[in-house]
Amino acid sequence: MVGGAEDLAAVLAGIPMPVVMIGADERVAAANPPALTLFGAAMTGRHHLLTFRQPELVAAIAAARAGQAGRVRLVLPGETQDRVHEVTVSPVGNRVLLAFEDLSALAQMDQMRRDFVANVSHELRTPLTAMMGFIETLQGPARNDANARERFLAIMAREAERMNRLVRDLLHLSRVEAEERIRPSEEVDLAALARATVAALKPVAEKGGVAIRLLGADAPVILRADTDQMTQVLSNLVENAVKYGSPPGSEVTVTLGHEDGPRGPKIRLDVQDSGEGIDAKHLPRLTERFYRVDGHRSREKGGTGLGLAIVKHIVSRHRGRLLIESEKGRGSRFSVLLPLD
C-alpha cells in the first residue's frame, strides 16, 4: 500500500504516462511529471474542477468517487493540432486515479488514412465521371458522328492515362514506403543518371520552350543508391521544374556537386527553375500527398500530386535530406543531399 504523500509521488513518478491522483477532498493530491507538463504545475493542491472542465471527464470522476471505473476520450487543443487522450478513471479507496494515454499519433494516422482514401477517390472519380459521360454520348446522340467520336475518344484516352499515372504513382509510393528502412547496396553513377534523365526530358522541355542546363555531370559521381528510385527523383524534380516552374524562354539548371558536412561528405543535387516562385506558406506542405499549390494547373499538365511525396520517401530511404527554397518572383530550388558513406 502507498503510505504518505512522498511515497505516492514516488510511485506516480515511475509511471511514464501522465497520471493524476484526486484526493478525498476533491483536490489534486499528486501528479507525476508528464501530467504536470501536460496540465501545468499549478494543478497540485487545487480543486480538480479548476483543471478538468470537460463534462464527460467530470462525470467519470464523480462516478469513480461512487466506486465505478470508466474510460473517456479527452481532446486538448494544441498549437498546431489537437492532442487526443483516452483517460482511465479508477477508484482507489476514497481517491480517484486518472491515467492519460496519448492517442494523438493514432488519431493523426487515422485522419491521414481517411484523407488519403478521400483524395484517391476524388482523383479517380473525376476522370471516371468524364469517361462515363463520353461513353453515354457515344452510345446515344454521337453514335454516328465521326468528328465527335474522334474528339471524345481522344479525351477519354487522356483521362485513362491520367488514371494510369495515378495508379502507377500510388504503387511507386507504396513500394518506396515498404523499402524505406532498407538501405540500398548497389553502386550508381548519379552523373550518368542525370545525363540520361535530361536527355529523356528534352522533348518535354522543348515543347514548353524551356532549356535544361546540366552542370557537374561530366565526371562519374558514384554512391550507394537504387538506380530506379534515383532516376525517379531526378525525373520528378526536373519535370516539375520544366512543367510548373518555368515559363517559355526560361532555363532549368540541374547541378551536381560535393559538399562537406558534420557527418561526412555528401553529394548535392540542385534543380533550379526561374519561374514565379512559391509562396512561403506552401513550402512546408509541398511533400504531402495530393497537396498542390495550383490544383487545376497541375491536373491540366498531368500531375498526380504524389511526385514530391515519392521524392521525400526515396531521399529518406537513402538517408538524405530534401531541401526546398523558393521566393516569389525569383524561382525555386529543390536540393537533395545524399551521404557518400
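The values are calculated or read from the model by the stated rules, or taken from the named source; none is laboratory data. No experiment lies behind these values; they were computed from the predicted model shown. With ideal geometry, Cβ positions are generated from the backbone for all residues, glycine too; neighbour counts draw on all protein chains shown. Note: areas computed on protein heavy atoms with side chains; ligands, DNA, RNA excluded. Shrake-Rupley method; radii C 1.70, N 1.55, O 1.52, S 1.80 Å.
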*asked:* Quick check on Arg162: is it surrounded by 16 or more Cβ atoms within 10 Å (Cβ to Cβ), farther than 17 Å from Gln232 by Cα and not β-branched (Val, Ile, Thr)?
replied: yes
*Residues (closer than 17 Å to Ala130 by Cα and not hydrophobic (A, V, I, L, M, F, W, C)) located in the stretch 144-155*: Arg149, Glu150, Arg151
*Please indicate, with yes or no, whether at least one residue in the stretch 118-131 is under 30 Å from Ala148 (Cβ atoms), in a helix (DSSP H, G or I), more than 26 Å from the chain's Cα centre (by Cα) and of a type in the set (Gly, Ala, Ser).*
yes
*outside any helix (DSSP H, G or I) and within 27 Å of the chain's Cα centre (by Cα): does that describe Thr231?*
no
*Examine the stretch 243-266 for a residue that is under 21 Å from the mean Cα position of the chain (by Cα) and crowded, with 19+ Cβ neighbours inside 10 Å, and state whether such a residue exists.*
yes
*Which residue pairs have Cβ atoms closer than 7 Å, lie 6 or more positions apart in sequence or on different chains, and pair a first residue in the stretch 88-104 that is touching a residue at least 24 places away in the same chain (Cβ under 8 Å) with a second residue that is aromatic (Phe, Trp, Tyr) and surrounded by fewer than 17 Cβ atoms within 10 Å (Cβ to Cβ)?*
none
*Among the residues of the stretch 89-107, write down those that are surrounded by fewer than 14 Cβ atoms within 10 Å (Cβ to Cβ) and at negative phi.*
Val92, Asn94, Ala105, Leu106
*Do you know which residues across the stretch 200-242 are surrounded by fewer than 17 Cβ atoms within 10 Å (Cβ to Cβ) and among the β-branched types (Val, Ile, Thr)?*
Val204, Ile222, Thr227
*Sort through Val293, Val233 and tell me the only one that's at pLDDT 90 or above and in contact with a helix residue (DSSP H, G or I) (Cβ under 9 Å, 6 or more places away or on another chain).*
Val233
*Check on Val96, of a type in the set (Val, Ile, Thr) and more than 17 Å from Glu288 (Cα to Cα)*: yes
*Just one of (1) assigned to a strand (DSSP E or B); (2) surrounded by fewer than 19 Cβ atoms within 10 Å (Cβ to Cβ) trips up Leu322, so point out which.*
(2)
_Among (1) in contact with a strand residue (DSSP E or B) (Cβ under 7 Å, 6 or more places away or on another chain); (2) open to solvent by 60 Å² or more (accessible area, probe 1.4 Å), the one test that Val84 misses_ = (2)
*Could you list, in sequence order, the residues of the stretch 106-116 that are farther than 15 Å from Arg285 by Cβ, aliphatic (A, V, I, L, M) and within 14 Å of the chain's Cα centre (by Cα)?*
Met109
_Residue within the stretch 38-56 that is open to solvent by less than 60 Å² (accessible area, probe 1.4 Å), touching a residue at least 40 places away in the same chain (Cβ under 8 Å), farther than 30 Å from Arg289 by Cα and in contact with a His (Cβ under 9 Å, 6 or more places away or on another chain) present_ = yes
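Going by the structure shown, is Phe116 crowded, with 16+ Cβ neighbours inside 10 Å and either touching a residue at least 12 places away in the same chain (Cβ under 8 Å) or under 30 Å from Gly305 (Cβ atoms) (or both)?
Criteria not met by Phe116.
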*Is it fair to say Gln81 is closer than 30 Å to Phe290 by Cβ, of a type outside the set (A, V, I, L, M) and either in contact with a Cys (Cβ under 8 Å, 6 or more places away or on another chain) or in a helix (DSSP H, G or I) (or both)?*
no
*Between residues in the stretch 175-202 that are of a type in the set (S, T, N, Q) and residues that are open to solvent by less than 20 Å² (accessible area, probe 1.4 Å), which pairs lie under 9 Å by C-beta distance while being six or more apart or on different chains?*
Thr197/Leu234; Thr197/Val238; Thr197/Val254
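Given Lys281, Lys266, which one is among the charged types (D, E, K, R), farther than 28 Å from Pro203 by Cα and at pLDDT 85 or above?
Numbers: Lys281 fails: at pLDDT 85 or above.
Answer to the selection: Lys266.
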